[in-house]
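Each remark here refers to the structure printed beneath this line.
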Amino acid sequence: MSGNGLKTKNIEIPATITIRDLAHAMDASPIEVIKSLMAIGVMANINQQIDYDTAAVVAAEMGYEATMETPEADIEEDQGEIPLWRRMIANEPTSELKNRPPVVTILGHVDHGKTTLLDAIRHTNVAEGEAGGITQHIGAYQVEHNGRLITFLDTPGHAAFTAMRARGASGADIVVLVVAADDGVMPQTKEAVAHARAAKVPILVAMNKIDRPNADRDRVKQQLAEIGLIPDEWGGDTIVVPISAKQRKGLEDLLEAIVLVADNAEILANPKGKVIGTVIESERDRAKGVLATLLVQNGTLEVGDVVICGSTYGRLRNMFDYHGRHIRKAGPSTPVSVMGLSDVPQSGDLFQKVETEREAKTIIGERMLVKQQAATAQKSTLTLEQLFDRFQAGDVRELRLIVKADVQGSLEPIVNSLNDIKQGDIKINILHAETGNIGENDIMLAAASKAIVIGFNVLADSNARRLAETEGVSIRLYEIIYRLTEDIEKALKGMLEPEEKETTLGHAEVRAVFHISKLGNIAGCRVTDGEIRRNARLRILRRGEVLHEGNVTTLKHLQDDVREVKTGFDCGISTKGFDNFEVGDIIEAYIVEKVAVA
Ligand code: GDP
């Protein structure tokens, strides 16, 4: 590259970087970056992280020489399936990684005993005597079992867990699935399993209410096996612990099983590393200001640290543990209640320590900007109608499509009939045709190549929809082939011959006719509905018959030239080529717009 005399610019790239950040660093559009990546066979969306090597290749393509920078990624931007905090821990030097307590969340169907179980564990295992055995409700607590700490998230139910997952940050290492032995696997049990699986978190079953006379352990195991949780005693790998939360039976076995699962799961963090974690819950207290429970996931959080969470930040003034005791430091897997944030963050927001309040403000400012940009991008969805404008501007000479269909048997006829459609010199270019639902990759391809995504008997998954919104990609779904082809045909016709659409602005009635030497006759009118605009099209109607069509040449209100006159006001109107007005004539004003047929 230096051979042709072009000077390369330098760019520092961290070990991993999102497409958005890379584009920003090079002052390029993310789509350009996505295109360069496609050229080297990498499919990535704007929020996806790529590694340094890949980023360096793209940077070189775009005239930059890359050097590696120490990572300082903005944690909010991440939406990958593996939470960023986990990946950041994986990036810590192996020699610094230490075991940390597992973070456990309890899920299950309503009334199966989640709250009772959390209370039972807290009362039997939280070291009493300390601080009078009082535990504060801060949304999480820790218990000790044979010298090992376990952190429990104390907000049963799916809401908190789902909120965390929605932000790509599932905070739990282990899910304890509570299933009542007298009720069995129920809809929310299945939902919980789906969440845990999607978050790749191991599941442990607490079969509760075994004291109930109608408890049927074998039936529950059978049902568990049916949803893919094969009990270990049947040769599967799901530990099922029979308990009675009410009678506080089997709790030690459950804790033992948690430790066992944790030992298999390599639950590690670097206590000296970058300080990151998740917001468990938060509230505004009249006296104390914003109180937030943070779960530290890596590093050690200290009083006096500046943290940012979502779009809020602050210097931590005070820190308490779940006993309500003041503490100064909190290592990995420790839940703490903190004071000092400027505003209430959301459950599931990630937090990170930054060095100064100034840095915090800058990062938050950038986040706001990204959000605004996303909102603007949303408005510029590339529709079939807008393709027409691009065609007019000479931008687009073909209609590019990505076609997805349910089965091969419908894909072929669709592709064939689309290829048969011809309209003048505009052609259809099918970039990609495949069976299956519309996914993120399809949207990326469409965004990078200004195409529209057509689906036949398929759905667009939620990630795809989200990306389509931010990238401004139009998705059109059909269930009948001829509707699909008809629509495309219409769109192409629209491109060639935009329809003229007339919109009536208003009417005025002629009440007097004045003669002005320079202009000829002027109609003195009263606007009866809508408005009359200067330069609008007009037609003059006498007893329902059109006498003349032209433009509003002059429009006066009193003696002044005006742009528009609204209902109820008087005005003087003249038009070129006609001045034979009579009292009682109706002047209709309208505008004509060119629109492509959608
Ligand atoms: P959640 O909706 O899953 O949080 O369920 P709860 O903890 O509120 O429990 C629902 C009901 O089941 C309450 O009336 C509990 O007392 C009762 N319950 C919970 N665990 C047990 C148990 O082990 N045995 C019996 N017999 N009842 C229980």
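The values are calculated or read from the model by the stated rules, or taken from the named source; none is laboratory data. It should be emphasised that the depicted structure is a prediction, and the values quoted were computed from it without experimental measurement. As a convention, Cβ positions derive from the backbone with ideal geometry for all residues, glycine included, and neighbour counts pool all protein chains shown. Only protein heavy atoms, including side chains, enter the accessible area calculation; ligands, DNA and RNA are left aside. Shrake-Rupley method; radii C 1.70, N 1.55, O 1.52, S 1.80 Å.
Values for this structure:
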| item | result |
| --- | --- |
| Solvent-accessible area per residue for the stretch 403-490 (1.4 angstrom probe, square angstrom) | 47 Å² |
| TRP234 accessible area, assembled protein chains, probe 1.4 Å, Å² | 110 Å² |
| Heavy atoms of GLU469 accessible to a 1.4 Å probe, total area in Å² rounded to 10 | 100 Å² |
| Cα gyration tensor shape of the stretch 244-324, rounded if a/c is under 1.5, else prolate or oblate by comparing a/b with b/c | oblate |
| Distance between modelled label sites at VAL513 and LEU541, nm, 7 Å Cα→Cβ extension | 2.0 nm |
| Linear extension gain, LYS490 paired with LYS190, 0.36 nm per residue minus alpha-carbon span | 103.4 nm |
| Solvent-accessible area of LEU177 with every protein chain in place, 1.4 Å probe, in Å² to the nearest 10 | 0 Å² |
| Separation in nanometres of the label points that stand 7 Å from Cα toward Cβ, at ASP111 and THR435 | 4.4 nm |
| Gained length - SER29 relative to ARG526, 0.36 nm times residue gap less alpha-carbon distance | 173.6 nm |
| Overall Cα dimensions of the stretch 521-598 - principal axes, largest extent first, Å | 44, 27, 22 |
| Computed P(r) (all Cα pairs; the stretch 173-232; 10 Å bins; percent) | 24, 57, 18, 1 |
| Gain in span if fully extended, LEU477 to GLU283, counting 0.36 nm per residue against the direct Cα distance | 65.6 nm |
| Accessible area of the stretch 312-355 divided out per residue, in Å², using a probe of 1.4 angstrom | 40 Å² |
| Simple spin-label estimate for GLU593 and LYS576 in nanometres, 7 Å along Cα-Cβ | 2.6 nm |
| Alpha carbon convex hull of the stretch 408-533, volume per residue in cubic angstrom | 202 Å³ |
| The stretch 189-334, accessible surface, carbon-and-sulfur percent (1.4 angstrom probe) | 45 percent |
